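*Asks:* One structure coming up, written as C-alpha cells, with questions to follow.
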Amino acid sequence: MTGSIGMSISNQQGKLAGQGKVPRHIAVIMDGNGRWAKRRMMPRIYGHKKGVVALRETALACADLGVAYLTVFAFSSENWRRPPEEVGFLMNLFLRVLAVEVKRLNKHNIRLRIVGDRSRFSSELVYMIESTEAATAANTGLTLTIAADYGGRWDILNATKCLIADHPEKLTGLDENDLSPYLAMAYAPDPDLFIRTGGEQRTSNFLLWQLAYTELYFTDLAWPDFDRKALDQAIAWYLSRERRFGQISEQLTSSLPSC
Ligand code: IPE
Ligand code: IPE
Ligand code: MG
C-alpha cells in the first residue's frame, strides 16, 4: 500500500515516543539511487553518494524521534550480481562511510551494528566493521543496523545451521523460539514499520522472517530524496494502522483499560 497521509506530525512526535507510539523499530529498503542519478544524467554512483546523505539525515531524525532501532538495507546477497565497477564503488563507499561517520555516531549516542555474511568482504572492510561496532557499542540511543551482504534466506539458513550445530538433539521438535536467537537481528524486536523507497513493492530478500507482522509502506520517492518530511509521513501512516496480529478489532479494543 502506498502511503498518502500528507500531514506533518513532527511536533507531536516527542510526546508520542514517550507514550511508546512511535515505531520502536523501522526497517528501510533504501532503493532508487541509480534511477535518481540517471534522471539527472549522472552516473549511478552519484545516486549512491547522495544516498549516504539521506541515510545520515534519517538516522539523526530517528534518534531525535525516540525510535529505538533503525535497520537499513545497503547491499543484498544478490547485489554481487551488479557490474563489478558498481560493486567495487559500493564496497569502497561503505569503508569510507564507516571511517568518517564514527565520530558523529558517538556524538549522537548511536550504536552501529552490521548484519550479513562478511565472508566475501575484504579484510580491510571486516576490520573497519568490527572496529566501528566496537567504538559505538556502549552507546545507548538509537541502534542503527546496516544490512550488508544480507539476505533473508541466508539469515534463516544460517540460523538453522547454527542452531543444529549447537543443539543436534533439536532436529525434531524445533519451534520458532528456538530459531529466533540465532537470527542476525536477535538483539532487536521485529520491525514495526517497513519503508521501501524507489517505487518497487517487493521485499527483495530483506528481513523475511522478521517482517511477518510489520506494516509495509511503499513510496515512489527515490532514496536520495527521502527526508524528514517523508519519514514523518511514513510514521503518520503507520500510526493510522490497526495491528491485529491475527486477532479481530473487537478483541483489541476490549482489552483497553476503561480509564
Ligand atoms: C539502492 O539503489 C542501493 C543499492 C542497492 C546498493 P539502487 O542502486 O538499487 O537504485 P535503482 O533501484 O537501480 O534506482
Ligand atoms: C534491494 O534493492 C537491496 C538494497 C536496497 C540494498 P535492489 O534494487 O537490489 O532490489 P531489486 O533487484 O530491484 O529487487
Ligand atoms: Mg534498486
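*Asks:* Using the heavy atoms of the protein chains alone and a 1.4 angstrom probe, what is the accessible area of the chain per residue in square angstrom? List each step's numbers first, then the result.
*Replies:* Working: 13600 Å² over 259 residues.
It amounts to 53 Å² per residue over the chain.
*Asks:* Add +1 for every Lys or Arg and -1 for every Asp or Glu among the other residues with Cβ under 9 Å from the Cβ of residue 80, and state the total. Walk me through the intermediate numbers first.
*Replies:* Numbers: positive: 81, 82, 120; negative: 78, 149.
Neighbour charge sum, excluding residue 80 itself: +1.
*Asks:* Follow-up question, since we're still on this one. Under 14 Å from a point placed 7 Å out from the Cα of residue 176 along the Cα-to-Cβ direction: which residues of segment 216-251 have their backbone N that close?
*Replies:* Inside the label zone: 244-247.
*Asks:* Let me ask you something else. Hey, got the dipole for segment 20-74? About the Cα centre, +1 on K and R Cβ, -1 on D and E Cβ, debye to the nearest 20?
*Replies:* Values: 10 positive and 3 negative charges, 69 e Å.
Computed about the Cα centre, the dipole is about 340 debye.
*Asks:* For residue 136, what charge total do you get from the other residues with a beta carbon under 14 Å from its beta carbon, if Lys and Arg give +1 and Asp and Glu give -1? Each step should come with its number before you reach the end.
*Replies:* Values: positive: 103, 104, 107, 111, 113; negative: 101, 130, 133.
So the surrounding residues net to +2.
*Asks:* Under a Cβ-only charge scheme (Lys and Arg +1, Asp and Glu -1), can you give me the dipole magnitude of the chain about the Cα centre, in debye to the nearest 20? All intermediate terms of the calculation are to be shown ahead of the outcome.
*Replies:* Working: 31 positive and 28 negative charges, 198 e Å.
The calculation lands at about 940 debye.
*Asks:* Let me ask something additional. Leaving out ligands, DNA and RNA, what percent of the accessible area of the chain is carbon and sulfur, probe 1.4 Å?
*Replies:* Working: 7220 of 13600 Å².
Carbon and sulfur: 53 percent of the exposed surface of the chain.
*Asks:* Additional query: Amide H neighbours of residue 111 under 5 Å, at least 5 residues apart or on other chains, H built in the peptide plane: list them.
*Replies:* Correct list: 141, 142, 143, 144.
*Asks:* Moving on. Among 207, 237, 43, which residue has its Cα positioned farthest towards the positive end of the charge dipole of the chain, with +1 placed on the Cβ of Lys and Arg, -1 on the Cβ of Asp and Glu, and the dipole taken about the Cα centre?
*Replies:* 43
The values are calculated or read from the model by the stated rules, or taken from the named source; none is laboratory data. In this text the structure is predicted, and so the values were computed from the model without any measurement. All Cβ positions, even for glycine, are placed from backbone atoms using ideal geometry, and neighbour counts span all protein chains on display. Side chains included, ligands, DNA and RNA excluded: accessible areas come from the protein's heavy atoms. Shrake-Rupley method; radii C 1.70, N 1.55, O 1.52, S 1.80 Å.
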